[in-house]
1. Can you name the residue in the stretch 71-122 that is polar (S, T, N, Q) and touching a residue at least 12 places away in the same chain (Cβ under 8 Å) and, of all such residues, is nearest to ligand 2 (Cβ to nearest atom)?
2. With the condition kept exactly as written, say whether any residue in the stretch 62-79 is among the hydrophobic types (A, V, I, L, M, F, W, C), surrounded by 15 or more Cβ atoms within 10 Å (Cβ to Cβ), part of a helix (DSSP H, G or I) and assigned by TED's automatic domain parsing to the domain that holds residue 121.
3. Examine the stretch 51-58 for a residue that is modelled with pLDDT under 95, assigned to a loop (DSSP other than H, G, I, E, B) and farther than 23 Å from residue 105 by Cβ, and state whether such a residue exists.
4. Quick check on the stretch 168-190. Is at least one of its residues more than 18 Å from the chain's Cα centre (by Cα) and more than 20 Å from residue 284 (Cβ to Cβ)?
5. Among the candidates 114, 118, 122, single out the residue that is among the polar types (S, T, N, Q), surrounded by fewer than 17 Cβ atoms within 10 Å (Cβ to Cβ) and under 30 Å from residue 223 (Cβ atoms).
6. Mind checking whether some residue in the stretch 255-278 is touching a residue at least 40 places away in the same chain (Cβ under 8 Å), closer than 23 Å to residue 188 by Cβ and either buried (at least 21 other Cβ atoms within 10 Å of the Cβ) or polar (S, T, N, Q) (or both)?
7. Across the stretch 260-284, what is the total count of residues that are in contact with a helix residue (DSSP H, G or I) (Cβ under 8 Å, 6 or more places away or on another chain) and more than 14 Å from ligand 2 (Cβ to nearest atom)?
8. Of the residues 22, 80, which is of a type in the set (A, V, I, L, M, F, W, C) and under 18 Å from the mean Cα position of the chain (by Cα)?
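The values are calculated or read from the model by the stated rules, or taken from the named source; none is laboratory data. Bear in mind that the values here come from a model prediction, so they are computed numbers and not experimental data. Ideal geometry is used to build each Cβ from the backbone, glycine not excepted, and the neighbour counts take in all protein chains shown.
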Amino acid sequence: MEKAEIIALLHKAIQSEHMAIVQYLLHAYRMGEGEMAAEIEAIAREEMRHFDWLSELAVELGGKPTIVRDELYGVVDDVVQNMRFDVQAEVDAIAMYRRYIELIDDPKIQLLLSRILSDEESHRGDFESFVAKAERGEVTGGGGEAGTEGAAMPKAPTPQPPARIAEILKMGMDHEYTVILQYLYHRYLMPDCEVGNEIEMQTINEMQHLGWLSEELVSVGGEAEMEHTSLALEGDAEDMLKADIAAEQAVTAAYSRQIPEIDDPDLKALVARIRDHEIYHAEVFRGLLDEIKAQEHKGEEPAPSPAPKTRPPSVGNLFGQKQD
Ligand SMILES: [Fe+2]
Ligand SMILES: [Fe+2]
Ligand SMILES: [Fe+2]
């Protein structure tokens with residue numbers, strides 16, 4: 001099979017993993033805190049690893065990453081139905097990986113796909129057991145007390161979230177989701193792997209932000225969604241880092257404007273904490289940009305030149321420094 005054909009298949013798999021990550025997270029967020037929600041989030045993290053491996057492989061074969069996402073099977077107000085959607089997603093993923101393993105006659109790639117396939121088979125079993133549990137009413141969901149679901153208790157109507165707070169949280173979620181996609185894309189394409197790893201570290205932090213904000217949104221009765229806003233994907237290493245700095249500056253400004261609007265002290269503190277992380281991310285990206293520029297400059301020197309008086313900051317010493 002031609003490389004281009006393999007890359008096309010990998011892209012389809014990446015799009016399906018991307019869908020699974022978002023769908024499972026949205027299902028887990030809707031359930032509030034609880035054992036099953038935590039298990040579903042753990043499955044979503046495994047799908048992130050699949051996404052990661054497949055994207056790296058696509059780039060290794062000379063392709064590009066992709067942030068296109070397959071359509072979600074569904075996110076509804078019914079745990080049983082959501083778990084059925086997830087079983088179906090796994091059944092379809094299993095069929096896809098079995099087909100690809102037959103089609104792609106490269107033992108290394110087959111090994112990776114088989115590894116992923118075995119995860120998906122295990123996930124299918126997990127989701128099937130979640131359907132059964134949910135049918136028996138053994139689910140804590142929507143912030144309810146353990147064991148009260150299924151009991152014949154009149155439910156209080158879900159309070160409407162304060163509109164502006166829900167809006168702030170939704171904007172934050174969209175931003176976090178957007179930068180996660182942008183930074184992952186950049187990380188896969190970054191020629192300097194040390195720089196790529198540092199970008200990944202910040203991306204993991206953005207994933208935490210996404211989780212915190214969605215928990216808050218659900219706790220005020222809002223509905224978590226994930227739609228990305230505009231992305232700056234293409235360019236060389238410098239363009240990518242400049243775009244990432246711009247994204248951090250924009251969101252720092254947005255969070256800074258929103259913080260005074262929030263009355264709840266805990267939520268105010270949370271958003272301020274996230275905003276401070278974003279300030280730090282911009283600083284990290286600026287350091288990486290300086291590093292890349294210094295490397296390029298060195299490469300352009302035609303003849304040996306006197307050693308610079310001050311060494312450019314290395315990634316290592318940037319991270320050794322304490323944050324102000
Ligand atoms: Fe997967
Ligand atoms: Fe963030
Ligand atoms: Fe950030």
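1. From the stretch 71-122, those polar (S, T, N, Q) are 81-82, 88, 110, 114, 118, 122; that's our starting set.
Applying the additional criterion that residues be touching a residue at least 12 places away in the same chain (Cβ under 8 Å) yields 82, 88, 114.
On the way: 82: 26, 88: 32, 114: 35 Å.
Out of the qualifying residues, it is 82.
2. Within the stretch 62-79, the subset among the hydrophobic types (A, V, I, L, M, F, W, C) is 67-68, 72, 75-76, 79.
Now restrict to residues that are surrounded by 15 or more Cβ atoms within 10 Å (Cβ to Cβ): 67, 72, 75, 79.
With the extra rule that they be part of a helix (DSSP H, G or I), the set shrinks to 79.
With the extra rule that they be assigned by TED's automatic domain parsing to the domain that holds residue 121, the set shrinks to 79.
Within the stretch 62-79 (the criterion being among the hydrophobic types (A, V, I, L, M, F, W, C), surrounded by 15 or more Cβ atoms within 10 Å (Cβ to Cβ), part of a helix (DSSP H, G or I) and assigned by TED's automatic domain parsing to the domain that holds residue 121), the answer is yes, since at least one residue qualifies.
3. Within the stretch 51-58, none of the residues are modelled with pLDDT under 95, assigned to a loop (DSSP other than H, G, I, E, B) and farther than 23 Å from residue 105 by Cβ.
4. Yes: one or more hits.
5. Values: 114 fails: under 30 Å from residue 223 (Cβ atoms); 118 fails: under 30 Å from residue 223 (Cβ atoms).
From the options 114, 118, 122, the qualifying one is 122.
6. no
7. 5
8. Working: 80 fails: under 18 Å from the mean Cα position of the chain (by Cα).
When all the criteria are applied, what remains is 22.
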